[in-house]
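> Structure in structure tokens, see below.
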Amino acid sequence: MSEKSSALAAACLSLGLANAWSPEAKADMPIEVSIDSGLHGTVTNALILLSNPDSSSGIPGFILSDPALAGGVIDRGPWLTYLFFTGVPEDNFGTGYAMLGLTQMTDGRRSVVVTGNNLTHMHGLSFEEAFPGFSEADLIDDLLSGGGGGAAFLRTNFAVLFTRHGAESSAVSFTAGAPFGSLTLDVAVVPAPGAAALVSFGLLGVMRRRRHQ
């Protein structure tokens, strides 16, 4: 191939890549959700609401749970996992998150765990004192049975529990509002080279990498 032909081919390839990753194609790009756990114990039956704190924004929000989050399990820290989604517009993930789940205490009983932005004001409170109108026992039963009460709880209290994507949230375990470590969730569009690699190796869907000491 002549030098001129090579230059033309390179220019065409560059143009093709530019078109493929133009803003118009952004909606088709994979979305990466990273979950970095600094929790004091393993959480099961977890639901994570990703949305905006203002319900009038028109963003319905995105509930992350099993099977995308396998078994609804978030391990005690240090633990890191990555989830990848395709075909979901980035705007649907909103600007922040809140988590609700269960942990098992040493006596075998389960308690509710929530995350939020600086929940120190809930330390020492019962669940019913922290969230008037909600019952911890009823919420535990709902999460175990896979009902819709957990999602309704998160949506009702999202303005209180909202933590911006990329920021660390504090976790509280009830029944008595005990500090339970931290959780950080972030959302990002996978850049072109990373997305191409994922497609090449058939890794689109759910990927996990766990980090333990």
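> If you take the residues of region 65-99 that are in contact with a His (Cβ under 8 Å, 6 or more places away or on another chain) and part of a strand (DSSP E or B), which of them is surrounded by the most Cβ atoms within 10 Å (Cβ to Cβ)?
TYR97
> Another question, if that's okay. Given the structure, is ALA176 farther than 20 Å from ILE74 by Cα, touching a strand residue (DSSP E or B) at 6+ places or on another chain (Cβ under 9 Å) and surrounded by fewer than 16 Cβ atoms within 10 Å (Cβ to Cβ)?
Yes, satisfied.
> Quick check: is even one residue across region 23-36 farther than 15 Å from PHE85 by Cβ, under 18 Å from the mean Cα position of the chain (by Cα) and either surrounded by fewer than 13 Cβ atoms within 10 Å (Cβ to Cβ) or modelled with pLDDT of 80 or more (or both)?
Among the residues of region 23-36, at least one is farther than 15 Å from PHE85 by Cβ, under 18 Å from the mean Cα position of the chain (by Cα) and either surrounded by fewer than 13 Cβ atoms within 10 Å (Cβ to Cβ) or modelled with pLDDT of 80 or more (or both), which makes the answer yes.
> Counting only residues that are surrounded by 18 or more Cβ atoms within 10 Å (Cβ to Cβ) and either out of contact with any helix residue (DSSP H, G or I) (no Cβ under 8 Å at 6 or more places or on another chain) or polar (S, T, N, Q) (or both), which one in region 120-157 is nearest to ASP186 (Cα to Cα)?
For region 120-157, the residue satisfying everything is ASN157.
> Does at least one position in region 156-174 carry a residue that is assigned to a strand (DSSP E or B), over 15 Å from the mean Cα position of the chain (by Cα) and over 20 Å from ASN92 (Cβ atoms)?
Looking for residues that are assigned to a strand (DSSP E or B), over 15 Å from the mean Cα position of the chain (by Cα) and over 20 Å from ASN92 (Cβ atoms), one finds at least one in region 156-174, hence yes.
> For residues that are farther than 16 Å from SER169 by Cβ and part of a strand (DSSP E or B), tally how many sit in region 100-121.
Residues that pass the stated criteria total 4.
The values are calculated or read from the model by the stated rules, or taken from the named source; none is laboratory data. Values in this document were obtained by computation on a predicted structure and should not be read as measured data. Counting neighbours? That spans all protein chains shown, and the Cβs are built from the backbone with ideal geometry, glycine included.
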